[in-house]
Every structure is written in structure tokens, then in C-alpha cells.
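The values are calculated or read from the model by the stated rules, or taken from the named source; none is laboratory data. It should be emphasised that the depicted structure is a prediction, and the values quoted were computed from it without experimental measurement. Every residue, glycine as well, gets a Cβ built from its backbone with ideal geometry; the counts of neighbours run over all protein chains shown.
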Amino acid sequence: MDQYDIIKYPLSTEKSIRLMESENKLIFVVNKKAAKKEIKKAIEQMFKVEVTSVNTFVSQDGEKRAYIKFSAKNPAIDIATQMGLM
């Protein structure tokens, strides 16, 4: 799977902005078949950053979301700005 097949788009909600500021995390909607290791690798390749952890969650409407925690040297706000979320 290509990294653009794995990562669909970032979520920009109040919760995601709160997580970005308090825990250095961003939320992405991802392919349902993608494994955590694939998601981590895709994010690291796309943004040239270091990912600390990946947690996934499938919402009620069947959308798979990945909570990506970045290392301290890669602020989530910088990545969000790079994507045009901020």
C-alpha cells in the first residue's frame, strides 16, 4: 500500500486541536486495512518526522482514525501548520 492510500486526511476538530496542544498528537482518518506499523511508517515518510506512538479507533460510522503522537523534537503544531490546518 502507498502512503497516500494509508493516510486519507487529517481531522481538524476541537478535540484534535486540544490534543495537539496538550499531548503533541494529531488525528488522521486512515484506511481501515492499515496496520499501526504501516500508519507510523507512512506518517514518518510523508512529514519527515519521528512518531512515538500510534493508537487506532474505528468510529460508529465505520471510519478508522489514528491518533499519532509525535516525538518532542517534532511539535504537532508545526506539522498542522505545514498541512494548512492552523
Those residues of region 35-50 which are free of Cβ contacts under 8 Å to residues at least 24 places away in the same chain and either of a type in the set (Phe, Trp, Tyr) or within 12 Å of Ile79 (Cα to Cα) (or both), in sequence order: Glu44, Lys48
Which listed residue is touching an Asp or Glu at 6+ places or on another chain (Cβ under 8 Å) and of a type outside the set (A, V, I, L, M, F, W, C), from Lys25, Lys73, Lys33, Lys40: Lys73
The one condition Ser22 fails out of (1) modelled with pLDDT of 95 or more; (2) among the hydroxyl-bearing types (Ser, Thr, Tyr); (3) touching a strand residue (DSSP E or B) at 6+ places or on another chain (Cβ under 9 Å) is (3)
